[in-house]
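The next block holds one structure in the form of structure tokens; read it before the comments.
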Amino acid sequence: MRTAHRVEKVRTAEAELMARLPDGALMQRAAAGLAAACADLLPRVYGSRVVLLVGSGANGGDALWAGARLARRGAGVHAVLLAPDRVHTAGLAALTGAGGRVADDPFDVLATADLVLDGITGIGGTGGLRPDAVPVARAARGSDAVVVAVDLPSGVEADSGEVRGEALRADLTVTFGTHKPALLIDPARTCAGTVRLVDIGIGPYLPSVPEVEALHHADVARLLPRPTAGSDKYRRGVVGIAAGSARYPGAAVLAVAGALRGGAGAVRYVGPAADAVIARFPETLVHAGPPAKAGRVQAWVVGPGLGEDADAVRDVLASDVPVLVDADGLRLLDPDAVRARSAPTLLTPHAGEAAALLGRARTEVEAARLASVRALADRFGATVLLKGSTTLVADPGTGVPVRADAMGTPWLATAGSGDVLSGLAGSLLASGPAARDAASAAAHLHGLAGRLAAARGVPITAQEIADALPAAWRGVRDPG
Ligand SMILES: NC(=O)C1=CN([C@@H]2O[C@H](COP(=O)(O)OP(=O)(O)OC[C@H]3O[C@@H](n4cnc5c(N)ncnc54)[C@H](OP(=O)(O)O)[C@@H]3O)[C@@H](O)[C@H]2O)[C@@H](O)CC1
Ligand SMILES: Nc1ncnc2c1ncn2[C@@H]1O[C@H](COP(=O)(O)OP(=O)(O)O)[C@@H](O)[C@H]1O
Ligand SMILES: [K+]
């Protein structure tokens, strides 16, 4: 599992460790890891042209010390000083002592660079790149050089993943001690490129509960149900799907398709699209409704393609089993009914639905995904899965890390893809795990299924995402 901590926690951990070490030791560890990562990227260090973008803080200091190491190995290193009067003096002395130089014209050196190190800002930066840094960052990105961000791509908000202005777009980010939330959450994550973590020894001083965490395949594998000799279809869990309408029967079929590959022992469909469901999936138990009369289930999914059937949402929310609400169900739900529930509730909005639930603009939700998912979880007292290029899962209250998943691909943005996800997540929910575990496992499997389906390099359909779910289970359980 990758874990990310807030700046305040990183600074406290660094201070505790620094008090036990000689001056500058931590920066040397960071610079050594950074220089090694740069050397890995270059065909050879000797003779390569390296440009350092150096801001006024310790992030610039890291870049200068790493530049000094590369200069000692024969690289031609130029530093572009964005705040010459506040530069990290020891770092600059090390660079010049190793043969590096301060650039006269940033654009000249950037035009021929092989590698650019972005040391403008790290965890101390806020508010996007400042006007003097913007043309330099653009020239770096527009050059043929590989761009390596130091700790964070400059211009992103470390704690939230927001980008309030322009940020530098890196190919690789070398981050120190722990991930920062910005490296796991869009839009900032996209600016980071590949992320490499350098251990500088602060781990034991960081809190055991991170702000954000991202599951690996092995973490997800542990959350997936596995039937035993004592299992029968009821003990494995029955998931009820209240979805579809005369207008949108396909949503019911797709939600059932996801549910059948989610590990529940049986899928019970309730609603007006029973014929379409049975025609495609004869293994489904069907009932015309209402949900309260359809028979016992261990979890409900309500909402995909539901149209205006507010009674179905009310019925399902009145049950005493876990409930997942998606799509039309989110539009029809009564917030008080959600808050009054004693069994878990999982809401699965995309940014537009989340915006409607919060009374905000969609762009605000997309820009501030972490704050939005936490606000929704708190407002409804429910687990919330916020869909998008990074999927976030939050529980209400503080003290529980938000889960971030970036397994997906933009090819998943296809009609009906969310219906497959809700069936899948509901099916996992019926098999017993906590809502946040079911939601994060579903997001990961769905993302991987999308990737596998898209591997042929052609657009994918929602049905193909569902068809790729068995391969995604195998991929997660046996990644080799
Ligand atoms: N602590 C440690 O032991 C270790 C720390 N390490 C490294 O230190 C980094 C943190 O260093 P830091 O605290 O000096 O802050 P940093 O990110 O360099 O920038 C802050 C400076 O930038 C300025 N500024 C702010 N916003 C800006 C903007 N938008 N655009 C432009 N400028 C802006 C602001 O000055 P201002 O102009 O606002 O007065 C301030 O002076 C960390 O990320 C890691 O790389 C590693 O070596 C490991 C050991
Ligand atoms: N740019 C993207 N990158 C990765 N995944 C995406 C992207 N856009 C959407 N997705 C995923 O695709 C799915 C779309 O769901 P949703 O918007 O509910 O679609 P629909 O309502 O058509 O079923 C979600 O799982 C979401 O996380
Ligand atoms: K940086």
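Only the coordinates and a few stated rules stand behind these numbers; no lab work does. Since this is a predicted model, take the numbers as computed values, not measurements. Virtual Cβ from ideal backbone geometry, glycine too; neighbours counted across all protein chains shown.
Between Ala83 and Ala19, the simple spin-label model (points 7 angstrom out along Cα→Cβ) gives 2.7 nm. Put a dot 7 Å past the Cα of Asp320, heading toward its Cβ, do the same for Ser342, and the two dots end up 0.6 nm apart. Apply the a/c threshold of 1.5 to the C-alpha gyration tensor of segment 217-477 and tell me whether it is rounded, prolate or oblate. The shape class here is rounded. Rounded to the nearest 20, the size of the Cβ-charge dipole of segment 1-132 about its Cα centre is 440 debye, with Lys and Arg at +1 and Asp and Glu at -1. Between segment 354-429 and segment 460-479, the alpha-carbon centres lie 21 Å apart.
What ranking do Thr112, Thr345, Thr96, Thr173 get, fewest neighbouring Cβ atoms within 10 angstrom at the top?
Thr112, Thr96, Thr345, Thr173
Bridging of Lys180 to aspartates and glutamates at a Cα separation below 16 Å is possible for Glu8, Glu14, Asp151, Glu157, Asp159, Glu162, Asp199, Glu211, Glu213, Asp405, once same-chain residues fewer than 8 apart are set aside.
Per-residue 3J(HN,Hα) values for segment 248-253, derived from phi via the Karplus relation 6.51 cos²θ - 1.76 cosθ + 1.60 with θ = phi - 60°, read 10, x, x, 4, 5, 4 Hz in sequence order (x marks Gly and Pro). Shown in residue order for segment 2-7 are the 3J(HN,Hα) couplings computed by the Karplus curve 6.51 cos²θ - 1.76 cosθ + 1.60 at θ = phi - 60°: 8, 10, 10, 10, 6, 4 Hz (x for Gly and Pro).
Go through segment 1-61 and name the trypsin sites (Lys or Arg not before Pro) that are in a DSSP coil and have 14 or fewer other Cβ atoms within 10 Å of their Cβ. For trypsin sites (Lys or Arg not before Pro) across segment 1-61 that sit outside H, G, I, E and B with at most 14 neighbouring Cβ atoms in 10 Å, the list reads Arg20, Arg44. Positive-end ranking of Pro459, His78, Leu53 along the dipole of the chain, with charges on Cβ about the Cα centre, is headed by Pro459. Taking the Cα centre of each part, how many Å lie between segment 179-251 and segment 49-76? With segment 179-251 and segment 49-76 each reduced to a Cα centre, they are spaced 37 Å.
Fewest first, what order do Cys191, Cys38 take by the number of other Cβ atoms within 10 Å? Don't skip to the answer; put the middle values down first.
Details: Cys191 23, Cys38 26.
Fewest to most other Cβ atoms nearby, the residues stand as Cys191, Cys38.
3J(HN,Hα) couplings calculated from phi for segment 320-334 with the Karplus curve 6.51 cos²θ - 1.76 cosθ + 1.60 (θ = phi - 60°) are, in sequence order, 9, 10, x, 10, 9, 10, 9, 6, 4, x, 5, 6, 9, 6, 9 Hz; Gly and Pro show x.
Across the chain, Cα pairs under 8 Å and at least six residues apart give a relative contact order of 13 percent.
Within segment 64-122, list the trypsin sites (Lys or Arg not before Pro) lying in a DSSP loop whose Cβ has at most 10 other Cβ atoms in a 10 Å radius.
Working: sites: Arg69, Arg72, Arg73, Arg86, Arg101; in loops: Arg73.
In loop regions of segment 64-122 (DSSP not H, G, I, E or B), there are no sparsely surrounded trypsin sites (Lys or Arg not before Pro).
With contacts taken as Cα pairs under 8 Å and at least 6 residues apart, segment 2-213 reaches a relative contact order of 23 percent. For Gly155, neighbours were defined as the other residues whose beta-carbon sits under 10 Å from its Cβ, and their charges (Lys and Arg +1, Asp and Glu -1) total 0.
Charges on Cβ only, +1 for Lys and Arg, -1 for Asp and Glu, centred on the Cα centroid of segment 2-213; of Val156, Leu206, Ala167, which one is farthest towards the dipole's positive end? Most positive-ward Cα: Leu206.
Of all lysines in the structure, those lying under 26 Å Cα to Cα from Lys293, and not within fewer than 8 positions of it along the same chain, are Lys233.
In this simple spin-label model, placing a label point 7 Å from the Cα along the Cα-to-Cβ direction at both Ala279 and Ala93 gives a separation of 8.1 nm. Rounded to the nearest 5, what is the percent of antiparallel bridges among the DSSP beta bridges in the chain? Of the beta bridges lying entirely in the chain, close to 15 percent run antiparallel. Considering only Leu370, Gly329, Val384, the residue lying farthest towards the positive end of the dipole of segment 305-387 is Leu370, judged by Cα position with unit charges set on Cβ. Among the chymotrypsin sites (Phe, Trp or Tyr not before Pro) in segment 1-108, those located in a DSSP loop and surrounded by at most 13 other Cβ atoms within 10 Å of their own Cβ are Tyr46.
Got a sec? How would Asp336, Asp118, Asp467 order by Cβ neighbour count within 10 Å, fewest to most? Write down the numbers at each step before the final one.
On the way: Asp336 9, Asp118 33, Asp467 17.
Going from sparsest to densest Cβ surroundings: Asp336, Asp467, Asp118.
The H on the amide N of Ile241, modeled in the peptide plane, is under 5 Å from the matching H of Arg268, Tyr269, Val270, Val301, each at least 5 residues off or on a different chain. Here Ala229 and Arg456 are evaluated by their C-beta separation; at R0 = 35 Å the FRET efficiency comes out at 0.35. For the chain, a simple Cβ point-charge model (Lys and Arg +1, Asp and Glu -1, everything else neutral) yields a dipole of about 880 debye relative to the Cα centre.
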